[in-house]
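Working notes, structure below.
Bear in mind these aren't lab numbers, they're just calculated from the coordinates by the rules spelled out. The structure displayed is predicted, hence computed values, not measured ones. Quick reminder, even Gly has a Cβ in these numbers, built from the backbone with ideal geometry, and neighbours come from all protein chains shown.
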Amino acid sequence: MRIRLLAVSVALMIAGGMAGAQDRLLTVTCAEAGALELPVPEGWTVQESRHDVRMPPTVTLSAPDGRAQWVVTAVWKAADRKPPSTLPEIRTRVQRTAETVGAATAPLQPLPATAPTGYFFDAGAGITPEPYTQLRQGMLKVGALTVSFTAMSAAGRIADQDAAVNHLGRATHRP
């Protein structure tokens, strides 16, 4: 019995260690600001949109089954843009967003938890389009970029919300 438990434990550790290996690196060009590099789960579709190459890109990442979606926008300081750049400014913006979507009482969570560069909040049903019932929204600083995100998922898919925060916490800015 102990050998079986040990074998299962080792298998789970190996699988957990390989979870990051299942990601691919997405590079999103941010005009004169360089690029955002974001790990994306293998098999997820990526759609990038922007009105002009000099404008901030919005990237939509969708799970293969369509039951989870992340929308990520990277913004940088430019003559006509001054995104929040300090942790207090980001916190204020995320709190204001929570109030706007009807989640004013939702606690703000630091992102990443160990050395925060941003915040997010969770909100429930009634805010998201079908088939999504869960919303996680926030903003963080990644190098010189300010990255806002919305993660939506269907019922029972909270792991996708956690994965969004985990992946965004590992994003990097390449100047």
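Is it the case that some residue within the stretch 133-145 is charged (D, E, K, R) and within 14 Å of the chain's Cα centre (by Cα)? Yes, that holds for at least one residue. Has the stretch 102-119 got at least one residue that is assigned to a strand (DSSP E or B), buried (at least 19 other Cβ atoms within 10 Å of the Cβ) and of a type in the set (A, V, I, L, M, F, W, C)? Yes: the stretch 102-119 contains one or more residues that are assigned to a strand (DSSP E or B), buried (at least 19 other Cβ atoms within 10 Å of the Cβ) and of a type in the set (A, V, I, L, M, F, W, C). Scanning the stretch 144-158 for residues that are out of contact with any helix residue (DSSP H, G or I) (no Cβ under 9 Å at 6 or more places or on another chain) and more than 14 Å from Gln69 (Cβ to Cβ) turns up Ala155, Gly156, Ile158. Could you please find all residues in the stretch 146-175 being among the aliphatic types (A, V, I, L, M), in contact (Cβ under 8 Å) with a residue 40 or more places away in the chain and outside any strand (DSSP E or B)? Matches in the stretch 146-175: Ala154, Ala163, Ala164, Val165, Leu168, Ala171.
Sub-6 Å Cβ pairs linking a first residue in the stretch 29-41 that is within 18 Å of Arg170 (Cα to Cα) to a second residue that is of a type in the set (Gly, Ala, Ser) and part of a strand (DSSP E or B), at least 6 apart or interchain, are Thr29/Ala35; Cys30/Ala74; Leu36/Ala74, ordered by first then second residue. In the condition set (1) touching a Phe, Trp or Tyr at 6+ places or on another chain (Cβ under 7 Å); (2) over 25 Å from Gly66 (Cβ atoms), Ala103 is compliant with all but (2).
Quick check: is even one residue across the stretch 149-166 in contact with a strand residue (DSSP E or B) (Cβ under 7 Å, 6 or more places away or on another chain), among the acidic types (Asp, Glu) and either under 22 Å from Thr58 (Cα atoms) or loosely packed, with under 15 Cβ neighbours inside 10 Å (or both)? The answer is yes, given that some residue of the stretch 149-166 is in contact with a strand residue (DSSP E or B) (Cβ under 7 Å, 6 or more places away or on another chain), among the acidic types (Asp, Glu) and either under 22 Å from Thr58 (Cα atoms) or loosely packed, with under 15 Cβ neighbours inside 10 Å (or both). In the stretch 52-100, how many residues are without any contact (Cβ under 8 Å) to a residue 40 or more places away in the chain and of a type in the set (A, V, I, L, M)? The total comes to 6.
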